[in-house]
Amino acid sequence: MSQESLLFLNRPAVLACLEKFDPVEVVAEVLRDQAAGRTEIPTEGYLPWRNGNGAYSRAIAMLGALHRETSSVYGMKLINAAVDNPSRGIERAGGLSFAFNPETARPELIAEAGYLSAIRTAAYTMVSLRELGPEQWDGLTLIGTGALARAHLDLLVRNFPEVRRVTVFDLSAERSAQLVAWAAGQHPQLTVAVAASAAEAVSASPVTVTLTTSDDPYVPASWIRPGSFLAHVSLGDLTEEVFLGAEAVFGDDLDLIEENPRRILGRLLQEGRVTRPGTAAAPATGPGRTVDGTLGQVLLGLVPAVRPSTGYVVSNPFGMSILDVGMIDAVRRTAVELGVGQRLDLL
Ligand code: NAD
């Protein structure tokens, strides 16, 4: 046997591991670690370019660490995407997750990251719904019907089995139809209807999750029913007024959000029109508000949960490396137990 090797997991091996643990619990545990100050999120590496078709393409390198009582966990997700990949018949985003050996610092496991990354994102939405969603809800709207939409439905049926009514909207009717056909095969208990417009989709359900690739905010406050929860996962869909008029706004990591003015909430924070909890109040001139806190703080009881009542609540998860690190650590432990994966000799 080679002196140095690592374990490689392809998607089937990752799926076999995901059957054995609950990603929603993994994400909730990482969020509690974060709120307790036991995590590290270095600055992300971000490399954007235009491919031969002129389509936005990028690589993001996301390192992170969790410092738990028993041991520390270190790792990284490299997640690359080209927005025109679906027209090639492949998923928009793909990449690799790494788990590092805490003593030698060597990568000891690499795994296909496309589905794992989508599931960690959907798991965050499930935790946010559990803690901040409407007390009672009976229908889910998904705007954008790509890979993230599928991951959300995979976790919806496990976490909210009573919710059977799903409304979807996508600018591409073909992609909506593909999602409906996929859901009929994978989750026949769901009734999936395609809305004629984004406005109709948002007003159809008390919970909306945005999963598009939009850069232009298009959801005004007037579309949102009182008592609704919005998970702004794709970060470029809600207009400023939606943030400014919300009953409550929660994030995942406020530094990450503020560092990125390309995204709406980041820009509002940089402009001082939205402020962080515990800082000076939003400006006296013009509308402004304060972010209520992070989901991890809610989980630890450090800030009160606010569920929608007469208005609506917004969750704005930037997407944290530590969630990927928590997931790859759970996958690593499970892969060792199951004996799945392929050992690759490095030397
Ligand atoms: P995808 O390309 O598979 O699907 C996106 C879909 O959105 C496409 O079908 C496209 O036609 C549709 N779309 C684009 N603009 C639209 C609009 N204005 N209205 C309706 N539909 C529109 O992408 P995906 O892999 O499912 O990812 C979806 C989004 O989630 C991406 O923007 C991605 O960056 C984001 N994301 C966020 C996090 C996070 O933690 N916040 C994590 C992973 C992915």
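Just so you know, all these numbers are worked out from the coordinates, no wet-lab data involved. Note that this is a predicted model, so its numbers are computed, not measured. Methodologically, a virtual Cβ is constructed for each residue, glycine included, from the backbone with ideal geometry; neighbour enumeration extends over all protein chains shown.
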In the chain, if the dipole is taken from +1 on Lys/Arg beta carbons and -1 on Asp/Glu beta carbons about the Cα centre, which of T210, L346, L302 is farthest to the positive end? T210
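When the dipole is taken about the Cα centre of the chain, and only Lys, Arg (+1) and Asp, Glu (-1) are charged at their Cβ, what size is it in debye, to the nearest 20? Present the calculation step by step, with values, prior to reporting the outcome.
Values: 29 positive and 39 negative charges, 74 e Å.
Using Cβ point charges on Lys, Arg, Asp and Glu, the chain gives about 360 debye.
Which semi-axes, in whole Å and largest first, does the equivalent ellipsoid of the stretch 117-319 have when worked out from the alpha carbon gyration tensor as the square roots of 5 times its eigenvalues? Please list the in-between numbers first.
Values: eigenvalues 156, 61, 45 Å².
So the equivalent ellipsoid measures 28, 17, 15 Å along its semi-axes.
Using square roots of five times the C-alpha gyration tensor eigenvalues, list the equivalent-ellipsoid semi-axes of the chain in whole Å, biggest first. Write out the running numbers ahead of the final one.
Values: eigenvalues 200, 119, 78 Å².
Calculated on Cα positions only, the semi-axes equal 32, 24, 20 Å.
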Nearest 20 debye, what's the magnitude of the dipole of the stretch 199-347 about its Cα centre given +1 on Lys and Arg Cβ and -1 on Asp and Glu Cβ? 260
Given charges at Cβ of Lys, Arg, Asp, Glu: the stretch 76-154 dipole, positive-most of L129, L148, N85: N85
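Among 135-148, 314-327, 168-181, what's the highest-first ranking by average C-beta atoms within 10 angstrom per residue? All intermediate terms of the calculation are to be shown ahead of the outcome.
Working: 135-148: 21.0, 314-327: 25.3, 168-181: 16.9.
Ranked by mean Cβ neighbours within 10 Å, highest first: 314-327, 135-148, 168-181.
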Fewest to most neighbouring Cβ within 10 Å: what's the order for S117, S309? S309, S117
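Determine the sum of side-chain charges near I257: Lys and Arg each +1, Asp and Glu each -1, restricted to other residues whose C-beta is under 12 angstrom from that of I257. Don't skip to the end; give the middle numbers.
Values: positive: R262, R263, R267, R276; negative: D252, D253, D255, E258, E259.
Taking every Cβ under 12 Å from that of I257, the sum is -1.
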Taking the Cα centre of the chain as the origin and placing charges on Cβ (Lys, Arg +1; Asp, Glu -1), which of Q3, A177, M327 is farthest toward the positive end of the dipole? A177
Beta carbons within 10 angstrom, averaged per residue: use that to sort the peptides 220-226, 49-55, 21-27, highest first. 21-27, 220-226, 49-55
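Rounded if a/c is under 1.5, else prolate if a/b beats b/c, else oblate: with a ≥ b ≥ c from the C-alpha gyration tensor eigenvalues square-rooted, which is the stretch 259-347?
Numbers: a/c = 3.68, a/b = 2.26, b/c = 1.63.
Prolate, because a/c is 1.5 or more and a/b exceeds b/c.
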Which residues qualify? For T290, with a placed amide H closer than 5 Å and at least 5 residues away or on another chain, they are T275
Karplus-derived HN-Hα couplings along the stretch 70-75 (A = 6.51, B = -1.76, C = 1.60, θ = phi - 60°), whole Hz, x at Gly and Pro: 7, 6, 9, 10, 10, x
Suppose only helical runs count, i.e. DSSP H with n ≥ 4. What mean residue ellipticity at 222 nm does that imply for the chain under -39500 (n - 2.57) per run, divided by all residues and rounded to the nearest 500 deg cm²/dmol? -10000 deg cm²/dmol
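Within a Cβ distance under 14 Å of F229, other residues only, what is the Lys/Arg minus Asp/Glu net charge? Walk me through the numbers on the way to the answer.
Numbers: positive: R130, R225, R307; negative: E131, E135, D138, E247, D292.
Summing Lys and Arg as +1 and Asp and Glu as -1 gives -2.
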